[in-house]
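Okay, so here's the structure we're looking at.
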Amino acid sequence: MGRDEILALLARRNAAWEARDAAALAATHAPEGTVESPTGGLLRGHAAIERVYRVWFTAFPDIAWHPEEVVIDGDRVVVLAKLVGTQAGEFFGLPAGGRHVEFEVAIAMTVADGLIATERRIYDSTGLLVQAGVLKAKPVS
């Protein structure tokens, strides 16, 4: 895939995030593509990948994806982004808390044939858990 094709794939992905369309997001992955996720574990195939997107959209109905930087090296892509939303539903065992969260993510992908073949998600999980009220941050003195 060339750079322009990769950017077009990322644009489709960004539009699906904006629409909060789990099926469209899953469709940006290869049919047997994989996702390694701190929240969902190892996912394989459209159905599993779509399910985890639905969990996010149910827990954070106003979630927004803000890509900040894209690095492309051949068939490898890294997207640095921020996720912003309010937890209005249960999220992997955490009850809805109504808390606003903003946290950084890094998504490392390999792409082939116009789709994401593999994706590894790295979240600022500590920041997310502090904002969700699960962990207490020690004040800086």
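Where a number appears in this text, it was derived from the coordinates with a stated rule and is not lab data. These numbers come from a predicted model, not from an experiment. No Cβ is skipped: glycine too gets one built from the backbone with ideal geometry, and neighbour counts run over all protein chains shown.
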*Using only Cα atoms, tell me the angle between helix 3-19 and the longest principal axis of the chain; keep it within 0 to 90° and round to the nearest 10.*
40
*For helix 46-59, report the angle its Cα long axis makes with the longest principal axis of the Cα atoms of the chain; keep it between 0 and 90° and round to the nearest 10°.*
30
*Would you order 55, 71 from fewest to most other beta-carbon atoms within 10 Å of each residue's own beta-carbon?*
71, 55
*Give the order of 20, 76 when sorted by the count of other beta carbons within 10 angstrom, beginning with the fewest.*
76, 20
*Please pull out the direction-averaged projected area of the chain, using the convex hull of its alpha-carbon atoms, in nm² to one decimal place.*
8.6
